[in-house]
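To start, the structure under review is shown below, and the notes come after it.
The values are calculated or read from the model by the stated rules, or taken from the named source; none is laboratory data. The model shown is predicted, which means the values in this text are computed figures rather than measured ones. With ideal geometry, Cβ positions are generated from the backbone for all residues, glycine too; neighbour counts draw on all protein chains shown. Surface accessibility is based on the protein's heavy atoms, side chains included, excluding ligands, DNA and RNA. Shrake-Rupley method; radii C 1.70, N 1.55, O 1.52, S 1.80 Å.
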Amino acid sequence: MSDRANGNGEGSEARAFTKRAGGFLRAARGRVGWEEEIRPFLYKDLPPKTGWAATLGSLCVVLFVTMFVSGVFLAMYYNPSPDKAYQAIDYIMNDLPWGWLLRGIHHWGASAMVIAVFLHMMSNFFSGTYKAPREVTWISGVVMFLIVLGLGFTGYLLPWDLKAYWATTVSTNIPKDLPLVGGFISRLMLGGTSISGATLTRFYAVHAMLLPAVLVGFIGFHIYLVRVHGISGEMAEEGNAEGAEKPVKASRPYRFYPEHAWRSSLVFIAVLMILVGLSVYGHIPREQVAGTLVEDYLPRPEWYYMWLFQLLTLFPGKYEAVGSLLVPFLGVALLFAVPFITRRSGTGVRNRPLPLAIGVTAIVGVGYLTLMGFAGAKPYGQTILVPDRALSLSEQRGLYLYADRQCSYCHQINGTGGHRVGPDLTNEVAKHRSLDYLKRYIKNPLDMNSTSVMPKYDLPDGDLAALADFILSLDRSEGPMKTVTRETGDEFTK
(Lines give C-alpha, C1' and ligand atoms only; values in the text may rest on other atoms or scores of the structure.)
Protein backbone atom coordinates (compact mmCIF):
# COMPACT_ATOMS: atom_id res chain seq x y z
CA MET A 1 0.00 0.00 0.00
CA SER A 2 2.80 2.36 0.85
CA ASP A 3 4.41 1.80 -2.53
CA ARG A 4 1.13 2.54 -4.31
CA ALA A 5 0.63 5.63 -2.21
CA ASN A 6 4.15 6.79 -3.04
CA GLY A 7 3.50 6.15 -6.73
CA ASN A 8 0.28 8.12 -6.68
CA GLY A 9 2.05 10.95 -4.87
CA GLU A 10 4.86 11.09 -7.42
CA GLY A 11 2.36 11.01 -10.30
CA SER A 12 0.37 13.90 -8.86
CA GLU A 13 3.56 15.91 -8.37
CA ALA A 14 4.55 15.27 -11.98
CA ARG A 15 1.15 16.35 -13.22
CA ALA A 16 1.31 19.47 -11.07
CA PHE A 17 4.79 20.29 -12.44
CA THR A 18 3.62 19.75 -16.00
CA LYS A 19 0.63 22.01 -15.38
CA ARG A 20 2.83 24.76 -13.92
CA ALA A 21 5.33 24.42 -16.78
CA GLY A 22 2.53 24.60 -19.31
CA GLY A 23 1.19 27.70 -17.65
CA PHE A 24 4.65 29.28 -17.69
CA LEU A 25 5.09 28.53 -21.38
CA ARG A 26 1.66 29.94 -22.23
CA ALA A 27 2.48 33.08 -20.25
CA ALA A 28 5.89 33.36 -21.91
CA ARG A 29 4.34 32.97 -25.37
CA GLY A 30 1.96 35.79 -24.61
CA ARG A 31 4.77 38.01 -23.37
CA VAL A 32 6.98 37.54 -26.47
CA GLY A 33 4.13 37.63 -29.00
CA TRP A 34 4.42 34.02 -30.12
CA GLU A 35 0.93 33.70 -31.58
CA GLU A 36 0.78 37.20 -33.09
CA GLU A 37 4.33 37.64 -34.43
CA ILE A 38 6.80 34.76 -34.08
CA ARG A 39 4.60 31.84 -35.12
CA PRO A 40 3.36 33.56 -38.32
CA PHE A 41 6.96 34.48 -39.10
CA LEU A 42 8.27 30.92 -38.72
CA TYR A 43 5.37 29.09 -40.34
CA LYS A 44 4.79 31.50 -43.23
CA ASP A 45 3.84 29.69 -46.41
CA LEU A 46 6.33 30.14 -49.27
CA PRO A 47 5.74 29.51 -52.98
CA PRO A 48 5.56 25.73 -53.59
CA LYS A 49 8.12 26.00 -56.40
CA THR A 50 10.71 27.78 -54.27
CA GLY A 51 14.10 26.46 -55.40
CA TRP A 52 17.40 25.91 -53.69
CA ALA A 53 18.62 29.32 -54.92
CA ALA A 54 16.36 30.88 -52.28
CA THR A 55 18.67 29.46 -49.60
CA LEU A 56 21.40 31.87 -50.66
CA GLY A 57 19.80 34.70 -48.68
CA SER A 58 19.72 32.59 -45.52
CA LEU A 59 23.29 31.48 -46.20
CA CYS A 60 24.46 35.10 -46.33
CA VAL A 61 22.90 35.81 -42.92
CA VAL A 62 24.32 32.69 -41.25
CA LEU A 63 27.77 33.33 -42.76
CA PHE A 64 27.68 36.85 -41.33
CA VAL A 65 26.85 35.39 -37.90
CA THR A 66 29.77 32.98 -38.30
CA MET A 67 32.11 35.82 -39.26
CA PHE A 68 30.86 37.96 -36.37
CA VAL A 69 31.34 35.22 -33.76
CA SER A 70 34.80 34.22 -35.04
CA GLY A 71 35.74 37.91 -35.29
CA VAL A 72 34.77 38.53 -31.66
CA PHE A 73 37.06 35.74 -30.48
CA LEU A 74 39.89 36.91 -32.76
CA ALA A 75 39.53 40.45 -31.40
CA MET A 76 40.21 39.12 -27.90
CA TYR A 77 43.76 38.24 -28.93
CA TYR A 78 44.49 40.87 -31.60
CA ASN A 79 46.41 44.07 -30.91
CA PRO A 80 45.82 46.83 -33.52
CA SER A 81 49.23 48.47 -33.30
CA PRO A 82 52.09 48.36 -35.83
CA ASP A 83 54.51 46.76 -33.38
CA LYS A 84 52.09 44.11 -32.08
CA ALA A 85 49.63 43.27 -34.91
CA TYR A 86 51.94 40.92 -36.84
CA GLN A 87 53.00 39.13 -33.65
CA ALA A 88 49.36 38.82 -32.58
CA ILE A 89 48.55 36.91 -35.77
CA ASP A 90 51.54 34.63 -35.11
CA TYR A 91 50.26 33.98 -31.60
CA ILE A 92 46.75 33.17 -32.83
CA MET A 93 48.06 30.79 -35.50
CA ASN A 94 50.80 29.06 -33.51
CA ASP A 95 50.15 29.32 -29.76
CA LEU A 96 46.43 29.86 -29.16
CA PRO A 97 44.60 26.51 -28.87
CA TRP A 98 42.48 26.07 -32.01
CA GLY A 99 43.44 29.59 -33.02
CA TRP A 100 44.51 28.37 -36.46
CA LEU A 101 41.00 26.97 -37.01
CA LEU A 102 39.37 30.16 -35.76
CA ARG A 103 41.39 32.38 -38.09
CA GLY A 104 41.03 29.90 -40.94
CA ILE A 105 37.24 29.99 -40.74
CA HIS A 106 37.33 33.81 -40.55
CA HIS A 107 39.78 34.13 -43.46
CA TRP A 108 38.07 31.71 -45.82
CA GLY A 109 34.64 32.77 -44.59
CA ALA A 110 35.30 36.30 -45.84
CA SER A 111 35.65 34.99 -49.39
CA ALA A 112 32.65 32.70 -48.93
CA MET A 113 30.51 35.64 -47.84
CA VAL A 114 31.53 37.73 -50.87
CA ILE A 115 30.67 34.79 -53.15
CA ALA A 116 27.35 34.09 -51.39
CA VAL A 117 26.17 37.71 -51.54
CA PHE A 118 27.24 38.00 -55.19
CA LEU A 119 25.45 34.78 -56.15
CA HIS A 120 22.33 35.89 -54.26
CA MET A 121 22.30 39.19 -56.17
CA MET A 122 22.91 37.51 -59.52
CA SER A 123 20.17 34.94 -58.85
CA ASN A 124 17.68 37.75 -58.30
CA PHE A 125 18.99 39.74 -61.25
CA PHE A 126 18.68 36.90 -63.75
CA SER A 127 15.23 35.91 -62.48
CA GLY A 128 14.01 39.52 -62.56
CA THR A 129 12.66 39.52 -59.00
CA TYR A 130 13.89 43.06 -58.35
CA LYS A 131 10.90 44.56 -60.16
CA ALA A 132 8.00 46.41 -58.51
CA PRO A 133 7.27 46.33 -55.65
CA ARG A 134 10.73 44.98 -54.72
CA GLU A 135 12.87 47.92 -55.88
CA VAL A 136 13.87 48.91 -52.33
CA THR A 137 14.63 45.27 -51.51
CA TRP A 138 17.13 45.18 -54.39
CA ILE A 139 18.68 48.53 -53.42
CA SER A 140 19.19 47.39 -49.83
CA GLY A 141 20.86 44.25 -51.20
CA VAL A 142 23.27 46.35 -53.28
CA VAL A 143 24.13 48.40 -50.19
CA MET A 144 24.85 45.22 -48.22
CA PHE A 145 27.07 43.92 -51.02
CA LEU A 146 29.10 47.13 -50.86
CA ILE A 147 29.34 46.83 -47.06
CA VAL A 148 30.63 43.26 -47.40
CA LEU A 149 33.27 44.50 -49.84
CA GLY A 150 34.10 47.26 -47.34
CA LEU A 151 34.58 44.64 -44.63
CA GLY A 152 37.02 42.85 -46.91
CA PHE A 153 38.84 46.08 -47.71
CA THR A 154 39.28 47.11 -44.06
CA GLY A 155 40.05 43.56 -42.96
CA TYR A 156 43.05 42.77 -45.11
CA LEU A 157 45.17 45.52 -43.52
CA LEU A 158 44.88 43.92 -40.08
CA PRO A 159 47.49 41.11 -40.58
CA TRP A 160 50.02 43.95 -41.10
CA ASP A 161 52.17 42.15 -43.65
CA LEU A 162 53.57 43.41 -46.94
CA LYS A 163 50.45 42.54 -48.91
CA ALA A 164 48.25 44.36 -46.41
CA TYR A 165 50.52 47.41 -46.31
CA TRP A 166 51.06 47.96 -50.01
CA ALA A 167 47.58 47.01 -51.19
CA THR A 168 46.17 49.51 -48.70
CA THR A 169 48.67 52.12 -49.88
CA VAL A 170 47.49 51.73 -53.46
CA SER A 171 43.80 51.70 -52.46
CA THR A 172 43.96 54.78 -50.25
CA ASN A 173 45.68 56.72 -53.03
CA ILE A 174 42.74 56.16 -55.40
CA PRO A 175 40.49 58.85 -53.81
CA LYS A 176 43.20 61.45 -54.51
CA ASP A 177 41.98 61.50 -58.12
CA LEU A 178 38.70 63.05 -56.96
CA PRO A 179 38.60 66.82 -57.49
CA LEU A 180 38.41 69.09 -54.43
CA VAL A 181 37.70 66.43 -51.78
CA GLY A 182 40.11 63.68 -52.91
CA GLY A 183 42.98 64.69 -50.67
CA PHE A 184 40.70 65.06 -47.65
CA ILE A 185 39.15 61.61 -48.14
CA SER A 186 42.57 60.01 -48.47
CA ARG A 187 43.84 61.69 -45.28
CA LEU A 188 40.64 60.70 -43.48
CA MET A 189 41.18 57.05 -44.42
CA LEU A 190 44.87 57.08 -43.50
CA GLY A 191 44.63 59.21 -40.37
CA GLY A 192 47.44 61.30 -41.86
CA THR A 193 49.45 61.49 -45.05
CA SER A 194 50.71 57.88 -45.06
CA ILE A 195 49.97 54.50 -43.51
CA SER A 196 50.74 54.47 -39.80
CA GLY A 197 49.40 53.22 -36.50
CA ALA A 198 46.49 55.61 -36.87
CA THR A 199 45.54 53.91 -40.15
CA LEU A 200 45.61 50.48 -38.55
CA THR A 201 43.43 51.49 -35.60
CA ARG A 202 40.95 53.27 -37.90
CA PHE A 203 40.62 50.27 -40.17
CA TYR A 204 40.24 48.02 -37.12
CA ALA A 205 37.47 50.19 -35.64
CA VAL A 206 35.60 50.39 -38.94
CA HIS A 207 36.04 46.66 -39.62
CA ALA A 208 35.14 45.39 -36.15
CA MET A 209 32.50 47.91 -35.04
CA LEU A 210 31.12 50.39 -37.58
CA LEU A 211 30.50 48.22 -40.66
CA PRO A 212 29.10 45.20 -38.75
CA ALA A 213 26.64 47.48 -36.92
CA VAL A 214 25.50 49.08 -40.19
CA LEU A 215 25.22 45.67 -41.84
CA VAL A 216 23.05 44.32 -38.99
CA GLY A 217 20.65 47.22 -39.53
CA PHE A 218 20.43 46.62 -43.27
CA ILE A 219 19.99 42.86 -42.79
CA GLY A 220 17.01 43.52 -40.51
CA PHE A 221 15.55 46.01 -43.00
CA HIS A 222 16.12 43.61 -45.91
CA ILE A 223 14.44 40.71 -44.09
CA TYR A 224 11.49 42.95 -43.26
CA LEU A 225 11.08 43.87 -46.94
CA VAL A 226 11.31 40.21 -47.96
CA ARG A 227 8.57 39.35 -45.47
CA VAL A 228 6.38 42.17 -46.77
CA HIS A 229 6.77 41.48 -50.49
CA GLY A 230 7.61 37.77 -50.43
CA ILE A 231 10.62 35.89 -51.75
CA SER A 232 11.45 35.15 -55.38
CA GLY A 233 8.57 33.63 -57.25
CA GLU A 234 5.80 34.63 -54.88
CA MET A 235 4.39 37.30 -57.20
CA ALA A 236 3.53 34.66 -59.78
CA GLU A 237 1.36 32.93 -57.21
CA GLU A 238 -0.53 36.11 -56.30
CA GLY A 239 -1.49 37.74 -59.57
CA ASN A 240 -4.25 35.58 -61.02
CA ALA A 241 -6.69 37.47 -63.19
CA GLU A 242 -10.28 37.76 -62.03
CA GLY A 243 -12.31 34.75 -63.07
CA ALA A 244 -9.23 32.64 -63.67
CA GLU A 245 -9.07 29.24 -62.11
CA LYS A 246 -7.47 29.41 -58.69
CA PRO A 247 -4.26 27.43 -58.29
CA VAL A 248 -4.56 24.12 -56.57
CA LYS A 249 -3.01 24.23 -53.15
CA ALA A 250 0.00 21.99 -52.81
CA SER A 251 -0.61 18.81 -50.80
CA ARG A 252 2.65 19.39 -48.93
CA PRO A 253 3.09 23.04 -47.95
CA TYR A 254 6.48 24.68 -48.20
CA ARG A 255 6.99 26.95 -45.20
CA PHE A 256 9.86 29.00 -43.87
CA TYR A 257 10.00 26.56 -40.96
CA PRO A 258 10.68 23.70 -41.05
CA GLU A 259 11.00 23.06 -44.82
CA HIS A 260 13.04 26.13 -45.90
CA ALA A 261 15.04 26.24 -42.67
CA TRP A 262 16.00 22.59 -43.20
CA ARG A 263 17.22 23.28 -46.73
CA SER A 264 19.17 26.35 -45.58
CA SER A 265 20.75 24.33 -42.77
CA LEU A 266 21.96 21.69 -45.21
CA VAL A 267 23.53 24.36 -47.44
CA PHE A 268 25.23 26.07 -44.50
CA ILE A 269 26.57 22.77 -43.12
CA ALA A 270 28.06 21.99 -46.55
CA VAL A 271 29.70 25.44 -46.73
CA LEU A 272 30.94 25.18 -43.14
CA MET A 273 32.55 21.81 -43.90
CA ILE A 274 34.33 23.41 -46.87
CA LEU A 275 35.57 26.26 -44.64
CA VAL A 276 36.83 23.80 -42.03
CA GLY A 277 38.51 21.74 -44.75
CA LEU A 278 40.25 24.82 -46.14
CA SER A 279 41.32 25.79 -42.61
CA VAL A 280 42.84 22.35 -42.03
CA TYR A 281 44.39 21.67 -45.42
CA GLY A 282 44.59 25.09 -47.07
CA HIS A 283 47.31 27.69 -46.71
CA ILE A 284 46.55 31.23 -45.59
CA PRO A 285 49.04 33.50 -47.42
CA ARG A 286 51.46 35.04 -44.95
CA GLU A 287 54.10 37.53 -46.07
CA GLN A 288 56.84 39.42 -44.32
CA VAL A 289 55.96 42.10 -41.81
CA ALA A 290 55.00 45.51 -43.19
CA GLY A 291 58.00 47.73 -43.74
CA THR A 292 60.32 44.94 -44.93
CA LEU A 293 62.31 46.08 -47.96
CA VAL A 294 61.66 43.85 -50.99
CA GLU A 295 62.88 45.56 -54.16
CA ASP A 296 60.72 43.70 -56.68
CA TYR A 297 57.58 43.48 -54.54
CA LEU A 298 54.35 43.87 -56.51
CA PRO A 299 51.34 45.16 -54.52
CA ARG A 300 48.16 43.19 -55.12
CA PRO A 301 44.80 43.03 -53.33
CA GLU A 302 42.49 40.19 -52.33
CA TRP A 303 41.01 38.19 -55.20
CA TYR A 304 37.67 40.01 -55.16
CA TYR A 305 39.45 43.31 -55.85
CA MET A 306 41.87 41.88 -58.41
CA TRP A 307 39.67 42.95 -61.34
CA LEU A 308 39.94 46.57 -60.21
CA PHE A 309 43.69 46.18 -59.74
CA GLN A 310 43.96 44.99 -63.35
CA LEU A 311 41.60 47.70 -64.57
CA LEU A 312 44.00 50.35 -63.29
CA THR A 313 46.71 49.06 -65.64
CA LEU A 314 44.45 49.72 -68.65
CA PHE A 315 44.24 53.45 -67.88
CA PRO A 316 47.77 54.63 -67.09
CA GLY A 317 48.99 58.16 -66.57
CA LYS A 318 46.48 60.98 -66.77
CA TYR A 319 43.68 58.51 -67.57
CA GLU A 320 44.11 56.61 -64.30
CA ALA A 321 40.98 58.17 -62.77
CA VAL A 322 38.89 56.49 -65.49
CA GLY A 323 39.81 53.02 -64.23
CA SER A 324 40.04 53.83 -60.53
CA LEU A 325 36.93 55.98 -60.11
CA LEU A 326 34.77 56.46 -63.20
CA VAL A 327 34.27 52.82 -64.25
CA PRO A 328 33.59 51.53 -60.69
CA PHE A 329 31.25 54.47 -60.02
CA LEU A 330 29.27 53.80 -63.20
CA GLY A 331 29.10 50.11 -62.32
CA VAL A 332 27.72 50.79 -58.84
CA ALA A 333 25.29 53.40 -60.19
CA LEU A 334 24.06 50.87 -62.74
CA LEU A 335 23.42 48.32 -59.99
CA PHE A 336 21.30 50.81 -58.07
CA ALA A 337 19.42 51.75 -61.24
CA VAL A 338 18.62 48.18 -62.34
CA PRO A 339 15.01 48.13 -61.01
CA PHE A 340 14.21 51.39 -62.79
CA ILE A 341 15.85 50.57 -66.13
CA THR A 342 14.16 47.24 -66.87
CA ARG A 343 10.54 47.83 -65.90
CA ARG A 344 8.93 45.52 -68.45
CA SER A 345 6.80 42.76 -66.99
CA GLY A 346 8.01 39.20 -66.97
CA THR A 347 10.38 37.22 -64.83
CA GLY A 348 12.59 34.22 -65.33
CA VAL A 349 15.80 33.73 -67.27
CA ARG A 350 14.17 32.49 -70.49
CA ASN A 351 11.86 35.48 -70.78
CA ARG A 352 14.61 38.11 -70.43
CA PRO A 353 17.36 37.53 -73.03
CA LEU A 354 18.76 41.08 -72.99
CA PRO A 355 19.37 41.29 -69.20
CA LEU A 356 20.78 37.77 -69.41
CA ALA A 357 23.27 38.83 -72.09
CA ILE A 358 24.26 41.97 -70.16
CA GLY A 359 24.73 40.08 -66.90
CA VAL A 360 26.78 37.30 -68.48
CA THR A 361 28.95 39.84 -70.31
CA ALA A 362 29.64 41.72 -67.07
CA ILE A 363 30.53 38.52 -65.21
CA VAL A 364 32.82 37.34 -68.01
CA GLY A 365 34.51 40.77 -68.12
CA VAL A 366 35.14 40.86 -64.37
CA GLY A 367 36.33 37.25 -64.46
CA TYR A 368 38.71 37.96 -67.32
CA LEU A 369 40.18 41.01 -65.56
CA THR A 370 40.58 38.94 -62.38
CA LEU A 371 42.48 36.19 -64.19
CA MET A 372 44.67 38.75 -65.96
CA GLY A 373 45.34 40.41 -62.61
CA PHE A 374 46.55 37.13 -61.12
CA ALA A 375 48.69 36.45 -64.17
CA GLY A 376 50.22 39.92 -63.93
CA ALA A 377 50.84 39.57 -60.20
CA LYS A 378 53.33 36.75 -60.65
CA PRO A 379 56.90 37.54 -59.56
CA TYR A 380 58.99 39.34 -62.16
CA GLY A 381 62.59 40.35 -62.59
CA GLN A 382 64.05 37.27 -60.89
CA THR A 383 65.56 36.14 -64.18
CA ILE A 384 66.78 38.17 -67.16
CA LEU A 385 67.88 37.03 -70.61
CA VAL A 386 71.30 38.33 -71.68
CA PRO A 387 73.65 37.55 -74.58
CA ASP A 388 75.48 34.25 -74.10
CA ARG A 389 78.89 35.91 -74.07
CA ALA A 390 80.98 38.10 -71.82
CA LEU A 391 79.32 41.49 -71.39
CA SER A 392 81.30 44.68 -71.73
CA LEU A 393 81.65 46.93 -68.69
CA SER A 394 79.06 49.30 -70.12
CA GLU A 395 76.63 46.42 -70.79
CA GLN A 396 77.16 45.07 -67.27
CA ARG A 397 76.31 48.48 -65.85
CA GLY A 398 73.24 48.59 -68.09
CA LEU A 399 72.10 45.16 -66.83
CA TYR A 400 72.44 46.37 -63.24
CA LEU A 401 70.38 49.50 -64.02
CA TYR A 402 67.80 47.40 -65.89
CA ALA A 403 67.28 45.26 -62.77
CA ASP A 404 67.59 48.10 -60.26
CA ARG A 405 65.06 50.36 -62.03
CA GLN A 406 62.54 47.51 -62.34
CA CYS A 407 62.47 47.72 -66.16
CA SER A 408 61.40 44.06 -66.26
CA TYR A 409 58.04 45.01 -64.73
CA CYS A 410 56.84 46.38 -68.09
CA HIS A 411 59.32 45.03 -70.65
CA GLN A 412 60.00 41.50 -71.84
CA ILE A 413 63.17 40.14 -73.38
CA ASN A 414 62.48 37.62 -76.12
CA GLY A 415 58.98 36.99 -74.74
CA THR A 416 59.96 36.40 -71.11
CA GLY A 417 60.00 38.54 -68.02
CA GLY A 418 57.66 41.49 -67.80
CA HIS A 419 53.96 42.21 -68.17
CA ARG A 420 54.09 43.41 -71.79
CA VAL A 421 53.09 46.97 -71.00
CA GLY A 422 56.12 48.12 -72.96
CA PRO A 423 57.69 46.68 -76.13
CA ASP A 424 59.89 43.58 -76.20
CA LEU A 425 63.45 44.91 -76.07
CA THR A 426 64.90 42.30 -78.42
CA ASN A 427 63.35 44.23 -81.31
CA GLU A 428 65.15 47.55 -80.84
CA VAL A 429 67.97 46.81 -83.27
CA ALA A 430 65.49 45.58 -85.87
CA LYS A 431 63.68 48.89 -85.47
CA HIS A 432 66.97 50.69 -86.27
CA ARG A 433 67.11 52.36 -82.85
CA SER A 434 70.42 54.08 -82.20
CA LEU A 435 72.23 54.55 -78.90
CA ASP A 436 71.47 58.28 -78.96
CA TYR A 437 67.78 57.64 -79.65
CA LEU A 438 67.48 55.22 -76.73
CA LYS A 439 69.28 57.62 -74.38
CA ARG A 440 66.88 60.42 -75.22
CA TYR A 441 63.84 58.13 -75.02
CA ILE A 442 64.79 56.77 -71.58
CA LYS A 443 65.48 60.25 -70.23
CA ASN A 444 62.14 61.71 -71.36
CA PRO A 445 59.85 59.38 -73.34
CA LEU A 446 57.24 62.07 -74.05
CA ASP A 447 59.81 64.06 -76.05
CA MET A 448 60.07 61.12 -78.45
CA ASN A 449 56.49 59.81 -78.33
CA SER A 450 53.59 61.96 -77.14
CA THR A 451 51.45 58.88 -76.31
CA SER A 452 54.09 57.06 -74.24
CA VAL A 453 53.16 55.98 -70.69
CA MET A 454 56.75 55.22 -69.71
CA PRO A 455 58.05 57.32 -66.77
CA LYS A 456 61.06 59.59 -67.11
CA TYR A 457 64.48 58.38 -65.89
CA ASP A 458 66.68 61.42 -65.35
CA LEU A 459 69.91 59.44 -65.04
CA PRO A 460 73.49 60.63 -65.56
CA ASP A 461 74.60 60.52 -69.17
CA GLY A 462 76.93 57.59 -68.53
CA ASP A 463 74.12 55.50 -67.01
CA LEU A 464 71.82 56.35 -69.90
CA ALA A 465 74.49 55.18 -72.35
CA ALA A 466 75.09 51.99 -70.34
CA LEU A 467 71.37 51.13 -70.28
CA ALA A 468 71.11 51.81 -74.01
CA ASP A 469 74.17 49.61 -74.64
CA PHE A 470 72.56 46.74 -72.73
CA ILE A 471 69.30 47.09 -74.69
CA LEU A 472 71.16 47.08 -78.02
CA SER A 473 73.07 43.96 -76.94
CA LEU A 474 69.77 42.02 -76.84
CA ASP A 475 69.68 41.59 -80.62
CA ARG A 476 68.58 38.01 -81.29
CA SER A 477 70.40 37.92 -84.62
CA GLU A 478 73.78 38.28 -82.92
CA GLY A 479 73.70 34.88 -81.23
CA PRO A 480 72.10 32.75 -78.50
CA MET A 481 70.86 34.09 -75.16
CA LYS A 482 71.34 32.82 -71.62
CA THR A 483 69.39 33.34 -68.41
CA VAL A 484 70.92 34.97 -65.33
CA THR A 485 69.26 35.24 -61.92
CA ARG A 486 69.68 37.54 -58.97
CA GLU A 487 71.33 34.71 -57.07
CA THR A 488 73.78 33.58 -59.77
CA GLY A 489 74.27 36.62 -61.97
CA ASP A 490 77.26 38.67 -60.82
CA GLU A 491 76.30 41.34 -63.33
CA PHE A 492 73.21 42.21 -61.23
CA THR A 493 75.40 43.75 -58.57
CA LYS A 494 77.83 45.62 -60.76
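So the values come out like this:
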| read-out | value |
| --- | --- |
| Ratio Rg/Rh [Cα only; Rh per Kirkwood] for the range 53-95 | 1.22 |
| Phi to ³J(HN,Hα) by Karplus 6.51 cos²θ - 1.76 cosθ + 1.60 over the range 64-77, Hz, x for Gly, Pro | 4, 4, 4, 5, 5, 5, 5, x, 4, 5, 5, 5, 5, 10 |
| Sorted peptide list for 282-290, 366-374, 396-404, criterion being average Cβ within 10 angstrom, highest first | 396-404, 366-374, 282-290 |
| Percent accessible area from carbon and sulfur atoms, the range 118-216, protein chains only, probe 1.4 Å | 76 percent |
| The range 429-487 versus the range 122-178: alpha-carbon centroid distance in Å | 42 Å |
| Percentage, to the nearest whole number, of Cα pairs in the range 135-180 over 15 Å apart | 59 percent |
| For q = 0.10, 0.20 Å⁻¹, Debye-computed log10 I/I(0) when each Cα of the range 93-196 counts as one equal scatterer | -0.45, -1.04 |
| Potential extension, Leu326-Tyr77 segment - 0.36 nm per residue separation minus Cα distance | 85.7 nm |
| Cleavage-rule hits, chymotrypsin sites (Phe, Trp or Tyr not before Pro), the range 84-133, DSSP coil, Cβ neighbours within 10 Å at most 16 | Trp98 |
| Per-residue HN-Hα couplings for the range 303-312 [Karplus 6.51, -1.76, 1.60; θ = phi - 60°; Hz; x = Gly/Pro] | 4, 7, 10, 5, 5, 6, 4, 6, 4, 4 |
| Accessible area in square angstrom per residue, the range 54-140, 1.4 angstrom probe | 43 Å² |
| Label-point separation in nm, Asp95 to Val181, each point 7 Å along Cα→Cβ | 4.5 nm |
| Stretchable slack from Val170 to Asp388, in nm (0.36 nm times residue separation minus alpha-carbon distance) | 74.6 nm |
| Overall dimensions of the range 269-311 as given by Cα atoms, namely Rg and Dmax in Å | 15.0, 44 |
| Probe 1.4 Å, accessible area per residue of the range 442-481, Å² | 55 Å² |
| Positive minus negative residues near Ala466 (Lys, Arg vs Asp, Glu; Cβ under 9 Å) | -2 |
| For Arg255, residues with placed amide H under 5 Å, excluding near neighbours | Leu46, His260 |
| Percent of Cα-Cα distances greater than 19 Å, calculated over the range 150-223 | 39 percent |
| Fraction of accessible area attributable to carbon and sulfur, the range 260-332 (%, probe 1.4 Å) | 72 percent |
| Accessible area of the range 426-476 belonging to carbon and sulfur atoms, whole % at 1.4 Å probe | 50 percent |
